[in-house]
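The values are calculated or read from the model by the stated rules, or taken from the named source; none is laboratory data. Here the structure is a predicted model, which means the values were calculated and not measured. Please note: Cβ atoms are built from the backbone with ideal geometry, for glycine as well, and neighbour counts cover all protein chains shown. Accessible surface areas use protein heavy atoms only, side chains included; no ligands, DNA or RNA. Shrake-Rupley method; radii C 1.70, N 1.55, O 1.52, S 1.80 Å.
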Amino acid sequence: MNAHRNNGQAMVESLERRSMMSAVAEADFNGDGRLDKAVVTSPTTITVSLRNADNTTYTVSAVLTTPKNQPIQDVAASLFTGDNKMDIVATGSKNSGPYSVVWMNNGDGTFTYLEPFKFKGNPKWWI
């Protein structure tokens with residue numbers, strides 16, 4: 001997969017090519033007002049890159065790996081922990097069914113794996 005973006009001057013620039021770039025989420029991961037990227041770069045890895053001040057280049061700030069080598073099918077950014085910092089969620093499925101993996105944003109472009117919570121009893125619905 002090749003990714004391109006408009007550089008604002010009627011030119012389209014090629015972004016770094018990755019052999020496995022199946023999903024991308026954009027959000028401000030470090031609070032600087034610029035859109036950063038979370039890219040699935042291998043079946044079990046997400047690479048987070050922060051947009052630099054020049055608005056044309058990125059710097060890798062985190063490499064997130066799923067526990068138990070769970071394959072990633074999609075990635076998204078959202079507010080999961082209520083702290084107004086964009087967290088990252090990866091989703092996928094295995095023989096045991098669908099799953100989600102969440103990393104909590106530390107506010108500086110790094111993330112902490114959020115241990116899954118367990119339901120007591122037999123839940124009738126899932127979030």
* To do: Residue by residue through segment 51-75, note down the ones that are part of a strand (DSSP E or B), touching a residue at least 40 places away in the same chain (Cβ under 8 Å) and within 17 Å of T112 (Cβ to Cβ).
  => S61, A62, L64, V75
* Qualifying residue in segment 114-125 (condition: at negative phi, at pLDDT 95 or above and in contact with a strand residue (DSSP E or B) (Cβ under 9 Å, 6 or more places away or on another chain)) -> no
* Structure fact -> Scanning segment 76-107 for residues that are without any contact (Cβ under 8 Å) to a residue 40 or more places away in the chain and within 16 Å of S22 (Cα to Cα) gives V89, T91, G92, S93
* Asked: Can you name every residue in segment 90-108 that is of a type outside the set (F, W, Y) and at pLDDT 95 or above?
  -> M104, N105, N106, G107, D108
* Asked: Residue check: is G107 under 13 Å from F29 (Cβ atoms), in a loop (DSSP other than H, G, I, E, B) and not polar (S, T, N, Q)?
  -> yes
* To do: Find the residue count for segment 75-107, including only residues that are surrounded by fewer than 14 Cβ atoms within 10 Å (Cβ to Cβ) and acidic (D, E).
  => 1
* Say we look at segment 1-30 and pick out the residues that are open to solvent by less than 70 Å² (accessible area, probe 1.4 Å), more than 24 Å from K94 (Cα to Cα) and at pLDDT 95 or above; which of these is farthest from the chain's Cα centre (by Cα)? -> N30
